[in-house]
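One structure below.
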């Protein structure tokens, strides 16, 4: 297998609004023959008031189930079960040794090769029968499409299920209309979970292709009548406009890339731009908000950094900031594979 670069958050179709090649915002960025002017920097000042309570470290775990299972991991790879298919993909954090014998790994239906000479499905090898680009999948009764992409992803990040369940619980417990904003929404699973729970959802992604895929998933899930707005836009610019328009949300989800480009060439750098976006997320909350959830992948940082940012940003609002890691529990030897850092403010 050839070496490859993990492009999960720097060229997956799920960028400044998760979608094609990581999109983002920034300075004098050329988009075709156009140059996007740099937006005036947001003036930040420390919030007054007591810091929210804190709960950390919080480890949110996804266990193997009928829809998805991490079968084994090790030697820089992971073996997963997505519905009917066994899939092998690279995993940089799996620095231990595989627990299952080679014959179990050899039964894989699809292996990501990372072949830089190929695009799309050509970067996958199918040892048994050639497979199509998409296949039907399920999450907690919600039907959607899995897809073999050129960035090794398959259209869903199973570790996010912990956040989805938590959000659905908040929506149900509110017993009132709830508005959810899903920034960097990618293929829409979080939006579908929120809509099924009864929320009115606004889903933003910089990639037109990802939005198209998300709409397909809505149709497939039988949730076409649910109120979901699908918007192709730069996440920060959209949030800034919502702030000016006075649009407000009860729950905000944001899952920004480490680096990315927006639909008009806007440049995003996580450590430079995350404080602005976090502040924006606070500014577009309703008077009685429920939660703001931040997730970050593939960054050289501790969740403590995000935790401190979130507590500072939500000073004076009460509630609790919970921070830690999302993990997937392995089926073979019960080991935990950490996938991402998160921090969430809960009213």
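The values are calculated or read from the model by the stated rules, or taken from the named source; none is laboratory data. Because the structure is a prediction, the values reported are computed rather than measured. Please note: Cβ atoms are built from the backbone with ideal geometry, for glycine as well, and neighbour counts cover all protein chains shown.
Each row is one residue, and each column tells you yes or no for (1) in contact with a helix residue (DSSP H, G or I) (Cβ under 9 Å, 6 or more places away or on another chain); (2) closer than 22 Å to residue 213 by Cα; (3) surrounded by fewer than 16 Cβ atoms within 10 Å (Cβ to Cβ).
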residue	(1), (2), (3)
92	no, no, yes
99	no, no, no
102	no, no, yes
112	yes, yes, no
118	no, yes, yes
146	no, yes, no
155	yes, yes, no
### Positions within segment 88-109 being in a helix (DSSP H, G or I) and in contact with a strand residue (DSSP E or B) (Cβ under 8 Å, 6 or more places away or on another chain), in sequence order
104, 105
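Is it true that some residue in segment 257-278 is under 16 Å from residue 194 (Cβ atoms) and not in a loop (DSSP other than H, G, I, E, B)?
Within segment 257-278, none of the residues are under 16 Å from residue 194 (Cβ atoms) and not in a loop (DSSP other than H, G, I, E, B).
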### Message
I'm trying to understand the selection: among the residues of segment 174-197, which are touching a helix residue (DSSP H, G or I) at 6+ places or on another chain (Cβ under 8 Å) and closer than 17 Å to residue 288 by Cα?
### Response
178, 180, 181
### Query
So which of 332, 298 ends up being surrounded by fewer than 22 Cβ atoms within 10 Å (Cβ to Cβ) and on the phi > 0 side of the Ramachandran plot?
298
### Query
Quick check, is residue 329 in a strand (DSSP E or B) and out of contact with any helix residue (DSSP H, G or I) (no Cβ under 9 Å at 6 or more places or on another chain)?
yes
### Task
Evaluate the following for residue 161: is it under 28 Å from residue 268 (Cβ atoms) and either surrounded by fewer than 20 Cβ atoms within 10 Å (Cβ to Cβ) or within 17 Å of the chain's Cα centre (by Cα) (or both)?
yes
## Note on the structure
Matching residues in segment 165-181 (under 15 Å from residue 226 (Cα atoms) and touching a strand residue (DSSP E or B) at 6+ places or on another chain (Cβ under 8 Å)) number 6
## Note on the structure
Exactly one of 181, 192, 223 is crowded, with 24+ Cβ neighbours inside 10 Å and touching a residue at least 60 places away in the same chain (Cβ under 8 Å), and that one is 181
### Task
Determine whether segment 243-257 contains at least one residue that is at pLDDT below 95, closer than 24 Å to residue 345 by Cα and over 17 Å from the mean Cα position of the chain (by Cα).
no
### Message
Looking only at segment 279-300, count every residue that is more than 17 Å from the chain's Cα centre (by Cα) and part of a helix (DSSP H, G or I) and tell me the total.
### Response
4
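Table: residues versus (1) modelled with pLDDT of 95 or more; (2) part of a strand (DSSP E or B); (3) out of contact with any helix residue (DSSP H, G or I) (no Cβ under 6 Å at 6 or more places or on another chain); (4) exposed (fewer than 15 other Cβ atoms within 10 Å of the Cβ).
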position	(1), (2), (3), (4)
43	no, no, yes, yes
46	no, no, yes, yes
49	no, no, yes, yes
54	yes, yes, yes, no
59	yes, yes, yes, yes
72	yes, yes, yes, no
81	yes, yes, yes, no
### Query
Which strands (runs of 3 or more DSSP E) sit wholly inside segment 110-157 and have at least 1 residues that are under 21 Å from residue 194 (Cβ atoms) and touching a residue at least 24 places away in the same chain (Cβ under 8 Å)?
134-139, 142-147
### Query
Of these, 242, 266, which one is surrounded by fewer than 24 Cβ atoms within 10 Å (Cβ to Cβ), within 20 Å of residue 211 (Cα to Cα) and touching a residue at least 12 places away in the same chain (Cβ under 8 Å)?
242
### Summary
Conditions (1) part of a helix (DSSP H, G or I); (2) more than 18 Å from residue 295 (Cβ to Cβ) -> residue 210 fails only (2)
